[in-house]
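Written below as structure tokens is the structure these notes are about.
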Amino acid sequence: MLITLCYLYLWARWGRGPAALVRTTVQRLRASRCSFTFCGAAAQPRGARVCLSHGGRVFCVGESQSIDDLNKWALFLVSPFILEAEHIAFVTESIWAQGTEGPRPASCPETTVKWSDCCLPLACRPGDPYQLIAKASVEDFSKLGVAFLEDRLQMANGLIAQKIVSVHLQDSALKELREQASDTPAQILQPDPESSVERKPEPNAMEHIGKGDPQVLGPAPTLGKGSVPGVEPAEESDRGVGPVEHCHLHLSSCHECLELENSTIESVKFASAENIPDLPYDYSLEGVADDLCPERGERRVNVSGKAPNILLYVGAGSQDALDRLQQVRSALADCVDTDCYTLYHLPQESALRDPWPDNCLLLVIAARESIPEDLSRRFLAYLSQGGKVLALASSFTLAGFRVTSKALLQDTVQSLVFYKADQSQVKLSILSSGCIYEGGPVEPLGLGQLQGHLDSEDKDRLIVQVPFGTRGGEAVLCQVHLELPPSSPAVQTQEDFDLLKSSNFRRYEVLREILTTLGLSCDVKQVPALTPLYLLSAEEIRDPLMQWLGKHVDPEGVITSSKLSLKFVSSYTSEVDITPSAIPVVTDTAAFSSENFNFEIYRQNLQTKKLGKIILFAEVTSTTMSLLDGLMFQMPQEMGLIAIAGRQTQGKGRGSNAWLSPVGCALSTLLLTIPLRSQLGQRIPFVQHLMSLAVVEAVRSIPQYQDINLRVKWPNDIYYNDLMKLGGVLVNSTLMGETFYILVGCGFNVTNSNPTICINDLITEYNKQHSAGLKPLRADYLIARTVTVLEKLIDTFQEEGPNGVLPLYYKYWIHSAQQVRLGSTEGPKVWIVGLDDAGFLLVHQENGEVVTVHPDGNSFDMLRNLIVPKRP
């Protein structure tokens, strides 16, 4: 020991860096079973020798520390304690960041080291401090230690590391764990994330990327003033915890499996991908002031953290309310960019119960009846958090104003003077609601620029803009029927119709000005016409494919299903009508070309045995899911089908949700056939997990792209860090005999910065922050890589069960050590620790019990209001 310490002194004395010092110390002394500790100087273990001191923190060597009782730890189901000879087990002790500011930033953000990137977690013990057992190589353990000493180590979810200490796991503990592991029918292997999916770079793909071939490399997105900065909040994604009690195989009829499938991968008949704005959002950014709205011609990137949803509240579900809903929806759809926003009805029950405020860019209140007091308080709470509200002919108002009825004005045409944000005036004829705004008992704190009054002697106020709170909330209160067209039944006379018709353009001008002021983009784009399909395939299956088609089309060359008819033709002329239910398919594709899909790039990067070999491609289609309907049950399984589109006009998501499909998204629907009596056939809900994981791995397994902060979010989302969603997955499964026929719809943003953020945004920001030269990527390239990775993941799952893929899933997921509440926002706190054998979330309760939880069915955030299922 003395000789070694002298050696270390000389090493440090003559200038070797701290990383080399730590690594050499660990390498030389680890065989002696001593303990290595990184901690604050005041927490130095008694009797330990300090080898390195830096900024109030020390690296020291002391007597071996052992763990022989793991009963109080929550074990990771897929991570048995089998330590390779070159690995070190260690404990990280962390505390929760105080307040709402989150963890302190690293002193050197450009050299930040993420805890999750350097080790594989084995167990956790929530509490204060929050303790994690993990294993790492000597190199990575040393890297973690040096990052801790230099204050460059990032944990996840508000955790701040306080101490790292290597430990020795006693044989008795290891023996006990192996006995427990033997109870489960699922095979438990060494959880090496790198081996879960073979990472052999495709020679053609890597050649393109390395040489900068413009055919592979997509255009870099143009970011506006609101582009996302490159600061990546702390994240830790490769930790997954399972219960000590292992789960057995679930049958396809298992209630829990069916419930998960029904609640999280619903069989939506016309769906192609999960709706980007709709699923869970866990925001750590408060009060970020940016939006989607153009700044006089310049499109901004949405970095507010809000889902691009416009929610419409029209009151109770009467026929009159439903008519108003349709009127408001139609008027807004004529104004806003429907590639950037979706319009959702917010029923009264949902408005009171569900966590919609975190998923709403604008709330439109068009209820004529009085708003219940508890609901009004919820609307005000949304405003106080920075929300935006447009009240259209509604009783809703704010302090400083009261709504006063003037019966003579009701449903009459009046002249309005409207002041825009630049104080220019617009005069127009409008349909009045019969109410005006008058001063209330409390003076308003201030008024915005938008104002509108009657062009009369009294100048009655009909439009006011009112700031609210300190976080940027604001409302525009309007007693003008901007939602009603001149043809509305409320317009009684020809004279009134003529007046309103002559002002109809200015009505839209006023409505767009209001929406733009409230932060929305009003660049309206025309919906493109549908285009024919092109049948593309690998050369080796072209002849068998054409022979099969010749036997299965009718005399007119048509294959018909319940949803559409596909007419196979050698060429296409513009005289042929295309509808969502009748589409021509061009089979002679020798001259095929497209700006949005390069078949040669796709073919070169598709390295599969079966999946994705036959492509139905459309520049513009209604939804990719329906395209495979007539072929999925008839075509031989070895002919792997995939539908790919450059753009969708009617993409749908989970339930009644919509899928936004602007140019730049990677849009596809893939056909899978899974035997019922197989590992995956008994756990069909895992398909959505595998697909979202495949997207992330397809990007991060590209050499030099491993630090692009793309993540997975349970159950079926693709995220940038844990901040913004950029893609999703939806699964539609049908069981016929002993085989599941599964359509996997997937969409993720590659080159389109709106409606949220895209992969090339992340690459651009990474290059800026790290002075790197990574090339932007293309959608066709990434679709091919995703299908390739998915096939490998499925093969691994079929051979090894969940344990074969969960280590990689945990490496990339965003939920490690995340706190959620059960039942409601006031329910008990629990910590997410992993997935169970059926794909549900496992949580660690404060009493130490690990239980499975289910979503409550709300359509806004599946991590809100989680419930513990009743036990049979």
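Some notes on this structure:
- If the segment from Gln423 to Thr608 were pulled out straight at 0.36 nm per residue, it would be longer than the present Cα-Cα gap by 60.5 nm.
- Gyration tensor (alpha-carbon) shape descriptor, segment 506-582, a/c threshold 1.5: prolate
- Panel values: segment 419-568, Kirkwood radius from alpha carbon pairs, Stokes-Einstein at 10 °C and 1.306 mPa s, translational diffusion coefficient 77 µm²/s.
- Bins of 5 Å, starting at 0 and running to the largest distance - Cα pair percent for segment 629-772: 2, 9, 17, 20, 19, 14, 10, 6, 2, 1, 0, 0
- Label-point separation, Ala591 to Glu540 (7 Å along Cα→Cβ), nm: 3.1 nm
- Placing a pseudo-label 7 Å from each Cα along the Cα-to-Cβ vector at Gln449 and Arg377 gives an inter-label distance of 3.7 nm.
- Overall form of segment 594-653 per C-alpha gyration tensor (a/c, 1.5; a/b vs b/c): oblate
- What the Cβ-Cβ distance of Ala529 and Arg49 gives, at R0 = 56 Å and to the nearest 0.05, is a FRET efficiency of 0.15.
- Ordering of 563-575, 758-770 by burial proxy (mean other Cβ atoms within 10 Å per residue, highest first): 758-770, 563-575
- Protection proxy ranking, highest mean first, for peptides 637-647, 51-61: 637-647, 51-61, where packing is the per-residue count of other beta-carbon atoms within 10 Å, averaged.
- As a calculated quantity, the FRET efficiency between Glu638 and Thr579 at R0 = 35 Å, using C-beta atoms, amounts to about 0.65.
- The listed residues Thr493, Thr24 rank as Thr493, Thr24 when sorted by accessible area, largest first, using a 1.4 Å probe.
- Cα gyration tensor, segment 751-852 - rounded (a/c under 1.5), prolate or oblate: oblate
- Considered as an equivalent ellipsoid built on the Cα gyration tensor, segment 309-366 has semi-axes of 18, 16, 6 Å, the largest given first.
- Surface share of carbon and sulfur [accessible, 1.4 angstrom probe, percent] for segment 422-571: 50 percent
- Rolling a 1.4 Å probe over the protein heavy atoms gives segment 478-601 an accessible area of 53 Å² per residue.
- Looking at segment 665-808, the accessible area is 20 square angstrom per residue; that uses a 1.4 Å probe and ignores ligands, DNA and RNA.
- With DNA, RNA and ligands ignored, accessible area of Tyr741 (1.4 Å probe; Å², nearest 10): 30 Å²
- The stretch between Glu438 and Arg402 holds 12.4 nm of extra length on full extension. This uses 0.36 nm per residue minus the Cα-Cα distance.
- Whole-percent carbon and sulfur share, accessible surface of segment 672-728, 1.4 Å: 47 percent
- Between Ser502 and Ala19, the modelled label-to-label distance comes to 7.6 nm, taking each label 7 Å out from Cα in the direction of the beta carbon.
- Computed extension gain for Asp795 through Thr649, at 0.36 nm per residue and net of the alpha carbon distance, reaches 49.1 nm.
The values are calculated or read from the model by the stated rules, or taken from the named source; none is laboratory data. Model, not experiment: these values are computed from the prediction. Glycine also receives a Cβ, built like all others from the backbone with ideal geometry; neighbour counts cover every protein chain displayed. Please note that ligands, DNA and RNA were not included when accessible areas were found on the heavy atoms of the full protein model with its side chains. Shrake-Rupley method; radii C 1.70, N 1.55, O 1.52, S 1.80 Å.
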